[in-house]
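First up is the structure itself, then whatever we jot down about it.
The values are calculated or read from the model by the stated rules, or taken from the named source; none is laboratory data. Note that the coordinates shown come from a computational prediction; the quantities given were computed from them, not determined experimentally. Note that each Cβ is placed from the backbone with ideal geometry, even for glycine, and that neighbours are counted across all protein chains shown. The accessibility values were calculated without ligands, DNA or RNA, using every heavy atom of the protein model including side chains. Shrake-Rupley method; radii C 1.70, N 1.55, O 1.52, S 1.80 Å.
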Amino acid sequence: MKLVTYGIEQKVKLGVLNSDEKWIYPLSSMGIDYRSMQELIEKISESELQLAQHYCGLENGEIRGAAPVEEVKLLAPIPNPRQDVICLGVNYMAHAEESARYKKEKFDGQRPYAVYFSKRVNQASANGDGIPSHRDIVEDLDYEAELAVIIGKEASHVKPEQVKDYIFGYTIINDVSARTIQNRHKQWYFGKSLDGFLPMGPCILTVDSIPYPPKVSVQSKVNGELRQNSNTELLIFGVDHIVSELSQGMTLKPGTIIATGTPAGVGMGFDPPRFLKPGDQVECIIEGIGSLVNTVTE
């Protein structure tokens, strides 16, 4: 099941995509009434989720307030995350290699521990929104397609085999990065946290919609050219490890977003590097979730 936050008639609503993904059914018409996706994640019951799943298969005429997808504005599923996004660095071996090559560092092929960092997000960008180039301070704008995991209930000291029970669903993010800033400051927070640097969407795919753990293709295209092409089964540290390890020392709250890392094929991985410029269109595609498309602006 795919849940969305969308704009229609100057109102922001929560909805579910029908089975052919041509219509959005408002959750409020099902008696499932929450003010935001964050609140829904925190409070929705299993029976309400089952009811929404049932409505997915109905014809469009049977749902009051149904709207064609092309007539609404799909927003980021969680437009204003309550906390910074937790990110995994160099979590695909091929990307670890290209990252070391770009920084002219020796890479020994070992990744004994996961690399965690955070990404500041005042407002997540929606499918179709622009990616600001910040040309006054950014010299090398880059893209990173990633599967993001969304926590569904408070998680503390969770065992790896229990992790699935704590996940609400998945979405796509583009971990937009300013490489010079990232390397100049010897840490990633600033270079990954500029305004507009977190496109997210177009939906949240609920955890039971695909087999667990997720083994889905992750791709990105720039102006239609395939750049990244991998699969989450190649993650160095998988979802079970990530959530369990983090929960040993910090309590993960409902709505927490964890970006699991990006595969090889980012701009800095080419020789010479192929960074983004105004007018470039970036498409991030994850199997089962959909496509997230954004264009770089001035």
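Charge tally around residue 203: other residues with Cβ under 11 Å, Lys/Arg +1 each, Asp/Glu -1 each, net 0.
Compute the separation of the alpha-carbon centres of region 102-164 and region 255-298 and state it in Å as a whole number. Spelled out, the Cα-based centre of one part sits 11 Å from the other. Length gained on full extension, residue 28 to residue 54: 7.9 nm, using 0.36 nm per residue less the C-alpha separation. Of the peptides 262-269, 275-282, 6-13, the order by per-residue mean of other Cβ atoms within 10 Å, starting with the highest, comes out as 262-269, 275-282, 6-13.
With contacts taken as Cα pairs under 8 Å at a separation of at least 6 residues, region 1-106 carries a relative contact order of 30 percent.
Helical runs (DSSP H, four residues minimum) scored at -39500 (n - 2.57) apiece and divided by the length of the chain put the mean residue ellipticity at 222 nm at -4000 deg cm²/dmol. Structure remark: mean-square fluctuation, Gaussian network model of the chain, C-alpha springs under 10 Å; the largest value among 32, 172, 257 belongs to 32. Taking all Cα-Cα distances within region 186-239, those exceeding 16 Å account for 66%. Computed over neighbours whose Cβ is under 12 Å from that of residue 135, the net charge equals -3, Lys and Arg +1, Asp and Glu -1.
Surface composition of region 139-298: carbon and sulfur make up 50 percent of the accessible area, probe 1.4 Å. Structural descriptor for region 144-199: relative contact order 35 percent, calculated from alpha carbon pairs under 8 angstrom and at least 6 residues apart. The stretch between residue 116 and residue 297, if pulled fully straight at 0.36 nm per residue, gains 62.2 nm over its current Cα-Cα span. Springs between Cα atoms under 10 Å define the GNM used for the chain, and in it the highest mean-square fluctuation of 140, 20, 129 occurs at 20. For Rg and Dmax of the Cα atoms in Å, computed directly from the structure shown, the correct entry in (i) 33.3, 104; (ii) 21.5, 70; (iii) 18.8, 61 is (iii). Counted residue by residue at 0.36 nm each, then reduced by the alpha carbon distance between them, the extension gain from residue 135 to residue 210 reaches 23.0 nm.
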